[in-house]
1. Can you tell me which residue in the range 90-113 is surrounded by the most Cβ atoms within 10 Å (Cβ to Cβ), limited to those that are of a type in the set (A, V, I, L, M, F, W, C) and modelled with pLDDT of 95 or more?
2. Filter the range 201-225 for residues that are out of contact with any Pro (no Cβ under 6 Å at 6 or more places or on another chain) and hydroxyl-bearing (Ser, Thr, Tyr) and give the result.
3. Find the residue count for the range 144-164, including only residues that are farther than 25 Å from Ala22 by Cα, β-branched (Val, Ile, Thr) and either out of contact with any helix residue (DSSP H, G or I) (no Cβ under 9 Å at 6 or more places or on another chain) or free of Cβ contacts under 8 Å to residues at least 12 places away in the same chain (or both).
4. Residue pairs, Cβ under 8 Å, 6 or more apart or interchain, first in the range 165-183 and free of Cβ contacts under 8 Å to residues at least 60 places away in the same chain, second crowded, with 18+ Cβ neighbours inside 10 Å and in a helix (DSSP H, G or I). List them.
5. How about the range 20-60: which of its residues are more than 17 Å from Phe133 (Cα to Cα), aliphatic (A, V, I, L, M) and either buried (at least 21 other Cβ atoms within 10 Å of the Cβ) or at pLDDT 95 or above (or both)?
6. Going through Ile129, Ile138 one at a time, which residue ends up being in a loop (DSSP other than H, G, I, E, B) and modelled with pLDDT of 95 or more?
7. Can you tell me which of (1) within 18 Å of the chain's Cα centre (by Cα); (2) under 22 Å from Gly111 (Cβ atoms); (3) not hydrophobic (A, V, I, L, M, F, W, C) is the one Ser134 doesn't meet?
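The values are calculated or read from the model by the stated rules, or taken from the named source; none is laboratory data. Small disclaimer: the values here were computed from a predicted structure and weren't measured. For neighbour counting, all protein chains shown are included, and Cβ atoms are generated from backbone atoms with ideal geometry for every residue, glycine included.
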Amino acid sequence: MDVQFIDPVPQSNVRQQFNNVASVQLPGNYMPPFTHFTVFYRIYVSNTYVPTTGWNQSHSYHEINPVLAHDFNALFHLIDNENVINPNLDNDFRVLRGFQYLFVEPPDRPGESVHIDSILTPAVQGTTIVFDFSPGRIPTLTVGDRVYNLQRSTGIGISRFRPLPENRYFINSTELWSRENLNPEINADVVDIAGERGGLVHSYVLMFIAAVGRDFATYQPIFSTPALIHVFRLP
């Protein structure tokens, strides 16, 4: 029996601009069993402020948050790795490391929240999507001529949680990083920084994108290897 396989989004298809914008050129040659693209994310509290133009010049992931560095290093070997076939990314990202699936707010339905899988369908393959975390605005995802506000997850099944603030936007705020909210019931998608916090608290989000399909025989999801979208600083 032939092994069903999903091609990844090559890392070379991702273009990062400073620490607030990334564009992803989605490949355009997918066939069944491909069904959609998905995005995993995790948020990290930090004492470190990385200037918009200084991302790769003077700071490392470890300086931002050691858990961020640990997560990235543990997942880095999957990127563009042709020897890894059908990785169980739901387990690698969500179960083992606490990542969540991204959601968005449709521009024509404010207040509503939809899973990213329903936006990044086969219809968008071959196009470029843009993630924008520019200062002074709600972070967005642009797909074609539609601009979606990015939203955090509420978890899955028994791992559901109720994130604060209630609008679920990717905005650095007291409700987001308050230690009383950093637990599995509230902000389960946010990782604290160990020790004392400085006068100003910052937060960053690590995001990956992968292509997804469904096995014809078992109906179980099939994942490609992931590509790093970016580490964005939350405005």
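1. Here the residue is Leu102.
2. Ser203, Tyr204, Thr218, Tyr219
3. So the count comes out to 1.
4. Listed pairs, sorted by first residue: Pro165/Leu176; Glu175/Asn181.
5. Of everything in the range 20-60, just one residue is more than 17 Å from Phe133 (Cα to Cα), aliphatic (A, V, I, L, M) and either buried (at least 21 other Cβ atoms within 10 Å of the Cβ) or at pLDDT 95 or above (or both), namely Leu26.
6. Ile138
7. Exception for Ser134: condition (2).
So that you can scan it fast, the table gives a plain yes or no per residue for (1) among the polar types (S, T, N, Q); (2) touching a Ser or Thr at 6+ places or on another chain (Cβ under 8 Å); (3) farther than 21 Å from Tyr49 by Cβ; (4) assigned to a strand (DSSP E or B):
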| residue | (1), (2), (3), (4) |
| --- | --- |
| Thr142 | yes, no, yes, yes |
| Tyr148 | no, yes, yes, yes |
| Asn172 | yes, yes, no, no |
| Arg197 | no, no, no, no |
| Phe232 | no, no, no, yes |
